[in-house]
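Structure first, then comments.
Read the figures in this text as sums done on the coordinates, not as results from a lab. Computed from a predicted model, the values in this text were never measured in an experiment. So basically every Cβ, Gly included, is an ideal-geometry build from the backbone, and we count neighbours across all protein chains shown.
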Amino acid sequence: MNFKQRTAMVKKLMLFSLLFISRNLYAQYLKIDNGIAVSGFVNSQNLSLLKSRVSNYSVLVGSDYLEHKWYYLSSQIGYNSIGGKDQDVFIQNDKVIVTERRGYLHLNTTFRAYKRISGLSLLAGVGPYANVLLGSNRFDNELYSPYYDIKSFHVGGKGEIGVTQDINKFRIGLVGSYLMSLTPVAKTPYLSLNNNAFAISLTVGYLLH
């Protein structure tokens, strides 16, 4: 996929997400999430390729909507990055650490079940996500760049647990999540790399209605 096609895909995904969120604004909360994640690459042959975890930052905006007695939906769009590193690489007899990261336009929707206990809401959620590549489709380091094609788009699954509290018109919470790519993030004709991440986010929402 070339740059023009990628740009068109990003625009379509952003439009779809904005329409999706806007359609459900009769529901409850607009929110912003700021989080830290640690991620690393995995492959089917269990090779140590960018497997060690690196820390990454994400910022997402979204809404909680269609809230009922014990569940609601949560959708988000924003920026995140994923990556990995190799710690035992030798280049010209020198041991070096090789780190690779890429930024993405990230979209997700989760079904969240919750239980209110003493003013707090305990939640657990699950749903799909999509990442659209925002940078180069080649790794930076010459060890990998000639061989691996970073895919312009990949999808995955997200599981989460957390706690929130509603204070007047504000919803404040802390959410931990696990994100697992279900399609390759990068690949050669012989090997595919997926990426798994653990994240923790501070969420702040505001009640619209």
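Note down, for the stretch 162-205, the three equivalent ellipsoid semi-axes (square root of 5 times each alpha carbon gyration tensor eigenvalue), biggest first, whole angstrom.
Value: 36, 8, 6 Å, ordered largest first.
In whole Hz, what ³J(HN,Hα) sequence does the stretch 34-40 give by Karplus (6.51, -1.76, 1.60; θ = phi - 60°), x for Gly and Pro?
Values per residue, Gly and Pro as x: 10, x, 10, 10, 10, 9, x Hz.
Under a crude label model (7 Å from the Cα following the beta-carbon direction), how far is ILE167 from TYR190 in nanometres?
5.7
For the cross-link pairs LYS85/LYS151; LYS69/LYS169; LYS69/LYS158; LYS115/LYS169, which exceed 21 Å when the distance is taken from alpha carbon to alpha carbon?
Violating the 21 Å limit, Cα to Cα: LYS69/LYS158.
Using θ = phi - 60° and the Karplus form 6.51 cos²θ - 1.76 cosθ + 1.60, what ³J(HN,Hα) does each residue of the stretch 169-184 get, whole Hz, x for Gly and Pro?
9, 10, 10, 10, x, 10, 10, x, 9, 10, 10, 10, 6, 9, 10, x
Using a Cα-Cα cut-off of under 12 Å, which aspartates and glutamates could be cross-linked to LYS187, ignoring same-chain neighbours fewer than 8 residues away?
Answer for LYS187, where 12 Å is the Cα cut-off: ASP149, listed by chain and number.
Kindly write out, for the stretch 142-159 in residue order, the coupling ³J(HN,Hα) from the Karplus curve 6.51 cos²θ - 1.76 cosθ + 1.60 (θ = phi - 60°), rounded to whole Hz, with x marking Gly and Pro.
5, 5, 10, 4, x, 10, 9, 9, 7, 6, 6, 8, 8, 10, x, x, 10, x
List every residue whose amide H lies under 5 Å from the amide H of GLY103, counting only residues 5 or more places away in sequence or on a different chain, with H placed 1.01 Å from N in the peptide plane.
LEU134, GLY135
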